[in-house]
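Take a look at the structure below.
The values are calculated or read from the model by the stated rules, or taken from the named source; none is laboratory data. Quick caveat: nothing in here was measured; it's all calculated off a predicted structure. Every residue, glycine among them, receives a Cβ derived from its backbone with ideal geometry; neighbour counts consider all protein chains shown.
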Amino acid sequence: MHRALLRVFFSASALAAMVAAGAAETEGRPPHDPRAQDVVHGAPAEPSETWTIAAGGRIYDNRWEALDRPEPTTTNPAYPKTAKQTGAATWRCKECHGWDYKRKDGIYREGSHYAAIEGIDGAIGRPVEQIEAILRDANHPYTRAMIRDEEMRRVALFVSKGQVDMSR
Ligand code: HEC
């Protein structure tokens, strides 16, 4: 269900890009049409669980795109020094844990994205509060300016309830 929703979000961001294409650029970023801005980066007053999981999934993929924040210019200090990526990519959940959530047992088990980190599929079904605490530990040096508590809760709910089996 949430994947269908994600598709809606992605086509909304395509729409936003199209609307913005004709407008002037500010700080190197095309402004969104106000209505698209709401759909792409806003939150409903009373978010449903399905909405929250989908929004969390978008943050898992790329937090600054999902939340309309500046792209990081540094390498994440928690990213293993022995692994091969640098810069903004190292702040993406999917870079360390894999887009199939299985990390070293999955699609990133070898090659340029390999980083010897566990997947997150072991956290399926865990209490959201427990996952939220993990997401503020030393392996996850995200400040609240990068991801607010309420936004981190979306990610935690996604980890607990939103992971689908990508190998099917
Ligand atoms: C720089 C690499 C890195 C990034 C980026 C990262 N993590 Fe982690 N994460 C780790 C490490 C290291 C651990 C500890 C497990 C291990 O050593 O393999 C961990 C553990 C976890 C766990 C616990 C897994 C378990 O089974 O106990 C979850 C859940 C998790 N991360 C989710 C996320 C989410 C969601 C994001 C994005 C907001 C994220 N991580 C970003 C490195 C990272």
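Residues in the stretch 149-168 that are crowded, with 18+ Cβ neighbours inside 10 Å and basic (Lys, Arg): 153, 154.
Taking residue 117 as the residue in question, decide whether it is within 20 Å of residue 159 (Cα to Cα) and at pLDDT 95 or above. It is false that residue 117 is within 20 Å of residue 159 (Cα to Cα) and at pLDDT 95 or above. Residue pairs whose Cβ atoms lie under 6 Å apart, separated by 6 or more positions or on different chains, with the first residue in the stretch 89-118 and within 15 Å of residue 142 (Cα to Cα) and of a type in the set (Val, Ile, Thr) and the second at pLDDT 85 or above and within 12 Å of the ligand (Cβ to nearest atom), are 90/75; 90/76; 90/79.
Of all residues in the stretch 133-168, those being charged (D, E, K, R), in a loop (DSSP other than H, G, I, E, B) and either near the ligand (Cβ under 7 Å from one of its atoms) or in contact (Cβ under 8 Å) with a residue 12 or more places away in the chain (or both) number 1. Put simply, of 126, 69 the only residue that is closer than 22 Å to residue 150 by Cβ and in contact (Cβ under 8 Å) with a residue 40 or more places away in the chain is 69. Among the numbered conditions (1) within 8 Å of the ligand (Cβ to nearest atom); (2) among the acidic types (Asp, Glu); (3) surrounded by fewer than 14 Cβ atoms within 10 Å (Cβ to Cβ), the only one that residue 95 does not meet is (3).
For residue 118, are the conditions met, namely being near the ligand (Cβ under 8 Å from one of its atoms), in a helix (DSSP H, G or I) and farther than 19 Å from residue 52 by Cα? Spelling it out, it is not the case that residue 118 is near the ligand (Cβ under 8 Å from one of its atoms), in a helix (DSSP H, G or I) and farther than 19 Å from residue 52 by Cα. Among all positions in the stretch 129-138, there is at least one residue which is surrounded by 11 or more Cβ atoms within 10 Å (Cβ to Cβ), within 15 Å of residue 56 (Cβ to Cβ) and in contact with a Lys or Arg (Cβ under 8 Å, 6 or more places away or on another chain).
Would you check if residue 86 is over 22 Å from residue 161 (Cβ atoms), more than 9 Å from the ligand (Cβ to nearest atom) and either surrounded by fewer than 17 Cβ atoms within 10 Å (Cβ to Cβ) or in contact (Cβ under 8 Å) with a residue 40 or more places away in the chain (or both)?
Details: over 22 Å from residue 161 (Cβ atoms): yes; more than 9 Å from the ligand (Cβ to nearest atom): yes; either surrounded by fewer than 17 Cβ atoms within 10 Å (Cβ to Cβ) or in contact (Cβ under 8 Å) with a residue 40 or more places away in the chain (or both): yes.
For residue 86, the condition - over 22 Å from residue 161 (Cβ atoms), more than 9 Å from the ligand (Cβ to nearest atom) and either surrounded by fewer than 17 Cβ atoms within 10 Å (Cβ to Cβ) or in contact (Cβ under 8 Å) with a residue 40 or more places away in the chain (or both) - is met.
Of everything listed in (1) within 19 Å of residue 148 (Cα to Cα); (2) modelled with pLDDT of 90 or more, the single unmet condition for residue 75 is (1).
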